[in-house]
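Chemist: I'd like to ask some things about the structure below.
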Amino acid sequence: MSSGHGNEHSKHPSTKKYVIIAIILFVITAIEFLIILPESMQGSALAFGPLVLLSIAKFYIVIMFYMHLKFDNPLLTKIFYGGLALGTVVGIALIGLYAGLTGTPREYAEARAVPYEGYYAEKTNDSSAYAQSLIPTPAPMTESSNAADASTGSGDAAAGEAVFSGTLGCVGCHTMEDLPGAVGVLGPNLSQIGTVAGTRSALSAEEYIKESIDAPTAYVVEGYAPVMPELRSSMSDEEYEDLVAYLVSKK
Amino acid sequence: MAQITEAAHHEEEQNCTGIDNRKLLFWVFLSTDCLFFGALISTYMVYRGQSLVGPYPIDILDIPLTTISTFVLLCSSFAMVMALSATQKDDLKGIRIWLAATAVMGMVFIGFQIFEFWEFAHHGLLISTNLFGSTFFTLTGFHGAHVSLGIVWLWVLFILSFRGKVNSARVLDVEICGLYWHFVDIVWIVIFTLLYLVGGFDAGPVITG
C-alpha cells in the first residue's frame with residue numbers, strides 16, 4: 001500500500017484510498033443484504049458462512065485501514081487481537097457449554113435442571129422442612145401414591161386459587177376467566193378444567209389434573225407445545241392439594 | 001502551571017515501546033471493550049431462540065431499515081478518517097466539516113435506534129418481555145450508549161476546533177477519538193450480522209400437538 005518510509009502521517013492512506021475502502025465496505029454490506037433477500041436464504045444455515053466471512057472482511061478492513069493498524073506499531077495489533085481472541089474464545093466456550101454438549105440449549109437445560117428445594121422452606125422460614133427436603137425421600141407422586149391420593153381430596157380450593165395466581169407463574173401461561181390477571185395463552189384455557197380434565201384420557205378429572213402437574217409432558221394437549229415446566233417440586237404437598245382442589249372445582 | 005503547558009505542547013509522550021502513552025492505553029481499552037461486547041454478544045447467542053413468548057425477532061426486526069442505518073454508520077467512519085486527514089493537513093474548514101458530518105451521522109444512527117426501540121415497545125417487546133428482549137436491548141443499548149458517548153466526544157472536538165485546539169500538532173486527539181468511533185462501527189458490523197442478518201429470522205417455538 002504505502003512505501004513505509006517518511007514520517008508517520010504519510011503512512012496513512014490517501015483520500016483516494018479512503019474512498020475506495022468506503023466503497024468496498026458499502027459493496028460488502030449490500031452483498032450481505034442481497035444474500036438474505038431470497039426467502040429461502042432467510043435464517044438458513046447456507047447463508048451463515050458467507051455472512052460471517054463477509055463481516056470478518058469488513059471488520060478486518062476497518063481495523064487495518066481506518067484504524068490504521070496496518071501502518072502502526074505491531075504491538076498495538078497484538079494488544080487488540082489479544083482482547084479480540086479472548087472475547088471470541090469466551091463466547092465460543094459459553095455457547096459450547098450450553099449448546100455443544102447435547103442437543104439444543106433448551107434440551108440441555110431441561111435434561112439437567114435441578115429443582116430448587118430450598119425455595120419453599122426459605123419462604124416459610126421452616127428450616128425443618130428444608131432439612132427434610134434435602135433427605136432423599138421416595139418421590140411423592142409415583143403412579144401408586146397418585147392413585148391413593150386421588151381419594152383423599154383434602155385440598156382447600158380457595159387456598160388453591162392463591163397458589164394458582166402466585167409465584168409459580170401458572171397465570172403467565174393459562175387463562176382463568178374469573179381470575180383477573182390470569183390471561184396467559186401459551187397453555188390451554190383452564191376455566192372449565194374440572195370438566196375438561198375428565199375427558200382428556202382414561203384418568204378421572206382429579207387424576208388427570210394431578211398428572212398434568214406431576215408430569216406435564218405425560219399428556220400434551222393437541223395444538224400446544226410441551227413447554228409447561230415441572231412445578232410439582234416447587235410447591236409443598238399442602239399447596240399441591242389445594243391447587244388440585246381448586247382446579248377440580250373449575251367446572 | 002508552566003510545566004503542564006509545557007507537557008501539553010509535547011505531543012508525543014513515549015515510553016519504551018515507542019508508542020505514545022495515550023494511544024497505547026487506548027488500544028488496551030479497546031481490547032478490553034472487545035471482552036465487554038464479547039460477553040453481551042455471547043449471551044445473546046446462548047439465549048437465541050429460547051424465548052417462550054413473543055414477539056420473536058422475525059415478528060419485529062426491520063432488516064431493510066437497519067441496513068440503511070448500518071450504511072449511515074459506515075459513512076460516518078469514512079467522514080471520521082477524512083476529519084483525521086484534514087487535521088494532519090491543518091485544514092481547519094475540513095476539520096470542522098468532517099467532524100460535524102461524523103457526529104451528525106452518528107446522531108442519525110441513534111435516531112434510527114430510538115425509532116426501533118420505540119416501535120418494539122409498541123409491539124409489546126420490552127426488556128422484561130422475554131429472553132430475546134432482555135438480551136437484545138442490553139446488547140444494542142450498550143452499543144447505542146457507546147455511539148452516544150462518541151457523538152459527545154466529536155462535538156467537543158468540533159467546539160475545540162474554534163478555539164484553535166485542533167491542529168496537526170495535536171493530531172493524536174482526533175486520532176484517538178477516531179479509533180473509538182471506528183471501534184463502535186466494527187462492533188456494529190458484528191451485531192448487525194449476528195442479530196439481524198443471521199438471527200433476524202428466528203421464530204418462536206413450534207406449537208405442535
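The values are calculated or read from the model by the stated rules, or taken from the named source; none is laboratory data. What you see is a predicted model, and the numbers here were worked out from it, not measured in a lab. Ideal geometry is used to build each Cβ from the backbone, glycine not excepted, and the neighbour counts take in all protein chains shown.
Chemist: Do we have any residue at all in segment B:168-189 that's crowded, with 17+ Cβ neighbours inside 10 Å and not in a helix (DSSP H, G or I)?
Modeler: No; the residues of segment B:168-189 include none that is crowded, with 17+ Cβ neighbours inside 10 Å and not in a helix (DSSP H, G or I).
Chemist: Just for segment B:55-71: of the residues that are more than 11 Å from chain A (Cβ to nearest Cβ) and surrounded by fewer than 18 Cβ atoms within 10 Å (Cβ to Cβ), which one is modelled with the highest pLDDT?
Modeler: Here the answer is B:LEU65.
Chemist: Can you list residue pairs whose Cβ atoms sit under 6 Å apart, with the first residue in segment A:61-80 being over 13 Å from B:LEU179 (Cβ atoms) and the second being of a type in the set (Ser, Thr, Tyr) and surrounded by fewer than 20 Cβ atoms within 10 Å (Cβ to Cβ)? Count only pairs 6 or more apart in sequence or on different chains.
Modeler: Close Cβ pairs satisfying both conditions: A:LEU75/B:THR17.
Chemist: Now a separate question. Give the number of residues within segment B:36-48 that are within 8 Å of chain A (Cβ to nearest Cβ) and buried (at least 17 other Cβ atoms within 10 Å of the Cβ).
Modeler: 8
Chemist: Considering every residue within segment A:152-169, establish whether at least one is within 14 Å of chain B (Cβ to nearest Cβ) and crowded, with 17+ Cβ neighbours inside 10 Å.
Modeler: Filtering segment A:152-169 down to residues within 14 Å of chain B (Cβ to nearest Cβ) leaves A:169.
When the remaining residues are screened for being crowded, with 17+ Cβ neighbours inside 10 Å, the result is none.
The answer is no, given that none of the residues of segment A:152-169 is within 14 Å of chain B (Cβ to nearest Cβ) and crowded, with 17+ Cβ neighbours inside 10 Å.
Chemist: From B:THR138, B:THR129, B:THR193, which residue is among the hydroxyl-bearing types (Ser, Thr, Tyr) and facing chain A (nearest Cβ under 9 Å)?
Modeler: Among B:THR138, B:THR129, B:THR193, only B:THR193 is among the hydroxyl-bearing types (Ser, Thr, Tyr) and facing chain A (nearest Cβ under 9 Å).
Chemist: Still on this model: Just for segment A:57-89: of the residues that are modelled with pLDDT of 90 or more and among the basic types (Lys, Arg), which one is surrounded by the most Cβ atoms within 10 Å (Cβ to Cβ)?
Modeler: Looking at the filtered set, the residue picked out is A:LYS58.
Chemist: Now for a different question. If you go through segment A:25-51 one residue at a time, how many are closer than 20 Å to A:MET64 by Cβ and either among the acidic types (Asp, Glu) or exposed (fewer than 14 other Cβ atoms within 10 Å of the Cβ) (or both)? Please lay out each step first, then the result.
Modeler: Step one: filter segment A:25-51 for residues closer than 20 Å to A:MET64 by Cβ, giving A:25-29, A:31-32.
Checking the rest, the ones that are also either among the acidic types (Asp, Glu) or exposed (fewer than 14 other Cβ atoms within 10 Å of the Cβ) (or both) come to A:27, A:31-32.
Matching residues across segment A:25-51 total 3.
Chemist: Quick check on segment A:61-95: of everything there that is of a type in the set (Ser, Thr, Tyr) and more than 7 Å from every other protein chain (Cβ to nearest Cβ), which residue is farthest from B:LEU35 (Cα to Cα)? Lay out the reasoning, then the answer.
Modeler: Within segment A:61-95, the first condition is being of a type in the set (Ser, Thr, Tyr), and the residues that meet it are A:66, A:77, A:81, A:88.
Right, trim to more than 7 Å from every other protein chain (Cβ to nearest Cβ) and you get A:77, A:81.
On the way: A:THR77: 16, A:TYR81: 11 Å.
Taking the candidates together, the pick is A:THR77.
Chemist: Can you tell me which of (1) out of contact with any helix residue (DSSP H, G or I) (no Cβ under 6 Å at 6 or more places or on another chain); (2) in a helix (DSSP H, G or I); (3) buried (at least 17 other Cβ atoms within 10 Å of the Cβ) is the one B:THR129 doesn't meet?
Modeler: (2) is the only condition that B:THR129 fails.
Chemist: Of the residues B:PHE78, B:PHE120, only one is away from every other protein chain (no Cβ under 12 Å), buried (at least 19 other Cβ atoms within 10 Å of the Cβ) and among the hydrophobic types (A, V, I, L, M, F, W, C); which? Please lay out each step first, then the result.
Modeler: Values: B:PHE78 fails: away from every other protein chain (no Cβ under 12 Å).
The unique qualifying residue is B:PHE120.
For every residue, the table says whether it meets (1) more than 8 Å from chain A (Cβ to nearest Cβ); (2) more than 30 Å from A:ILE36 (Cα to Cα); (3) more than 9 Å from the chain's Cα centre (by Cα).
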| position | (1), (2), (3) |
| --- | --- |
| B:VAL174 | yes, yes, yes |
| B:LEU179 | no, yes, yes |
| B:HIS182 | no, no, no |
| B:ASP185 | no, no, no |
| B:ILE189 | no, no, yes |
| B:ASP202 | no, no, yes |
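Chemist: Would you confirm, using the coordinates I've provided, whether A:ILE209 is free of Cβ contacts under 8 Å to residues at least 40 places away in the same chain, crowded, with 16+ Cβ neighbours inside 10 Å, farther than 22 Å from B:ASN130 by Cβ and not aromatic (Phe, Trp, Tyr)?
Modeler: On the way: free of Cβ contacts under 8 Å to residues at least 40 places away in the same chain: yes; crowded, with 16+ Cβ neighbours inside 10 Å: yes; farther than 22 Å from B:ASN130 by Cβ: yes; not aromatic (Phe, Trp, Tyr): yes.
Yes; evaluated as a whole, the condition is true for this residue.
To keep it simple, each residue is scored yes or no on (1) farther than 30 Å from B:LYS23 by Cα; (2) in contact (Cβ under 8 Å) with a residue 40 or more places away in the chain.
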{"position": "B:ALA121", "(1), (2)": "yes, no"}
{"position": "B:VAL147", "(1), (2)": "no, yes"}
{"position": "B:TRP153", "(1), (2)": "no, no"}
{"position": "B:VAL156", "(1), (2)": "no, no"}
{"position": "B:ASN167", "(1), (2)": "no, yes"}
{"position": "B:GLY178", "(1), (2)": "no, yes"}
{"position": "B:PHE192", "(1), (2)": "no, yes"}
{"position": "B:LEU195", "(1), (2)": "yes, yes"}
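Chemist: Also, quick follow-up: Tell me, please, whether a residue that is modelled with pLDDT under 85, within 14 Å of another protein chain (Cβ to nearest Cβ) and outside any helix (DSSP H, G or I) can be found in segment A:228-250.
Modeler: No, the conditions are met nowhere in segment A:228-250.
Chemist: Right, another one. So which of B:LYS89, B:LYS93 is of a type in the set (D, E, K, R) and within 12 Å of chain A (Cβ to nearest Cβ)?
Modeler: On the way: B:LYS93 fails: within 12 Å of chain A (Cβ to nearest Cβ).
The conditions single out B:LYS89.
Chemist: Also, I was wondering about something else. Let me confirm something: among A:LEU231, A:LEU203, which residue is surrounded by 15 or more Cβ atoms within 10 Å (Cβ to Cβ) and touching a residue at least 60 places away in the same chain (Cβ under 8 Å)? Outline the logic, then answer.
Modeler: On the way: A:LEU203 fails: touching a residue at least 60 places away in the same chain (Cβ under 8 Å).
A:LEU231 is the lone residue from the list that is surrounded by 15 or more Cβ atoms within 10 Å (Cβ to Cβ) and touching a residue at least 60 places away in the same chain (Cβ under 8 Å).
Chemist: In segment A:178-217, what residues are in a loop (DSSP other than H, G, I, E, B) and of a type in the set (Val, Ile, Thr)?
Modeler: To start, the set of residues in segment A:178-217 that are in a loop (DSSP other than H, G, I, E, B) comprises A:178-182, A:184-192, A:201-204, A:215-217.
Residues satisfying the conditions are A:VAL185, A:THR217.
Chemist: Just to be sure, is B:THR102 at pLDDT 90 or above, buried (at least 21 other Cβ atoms within 10 Å of the Cβ) and within 11 Å of another protein chain (Cβ to nearest Cβ)?
Modeler: Numbers: at pLDDT 90 or above: yes; buried (at least 21 other Cβ atoms within 10 Å of the Cβ): yes; within 11 Å of another protein chain (Cβ to nearest Cβ): no.
Criteria not met by B:THR102.
Chemist: Are any residues in segment B:2-54 at pLDDT 80 or above, under 30 Å from B:LEU172 (Cα atoms) and in a loop (DSSP other than H, G, I, E, B), and if so, which ones?
Modeler: Once the filter is applied, which keeps residues that are at pLDDT 80 or above, under 30 Å from B:LEU172 (Cα atoms) and in a loop (DSSP other than H, G, I, E, B), segment B:2-54 yields only B:ILE19.
Chemist: Which of the residues belonging to segment B:14-31 are surrounded by fewer than 16 Cβ atoms within 10 Å (Cβ to Cβ) and at the interface with another protein chain (Cβ under 8 Å from one of its Cβ atoms)?
Modeler: Within segment B:14-31, B:THR17, B:GLY18, B:VAL28 meet the criteria.
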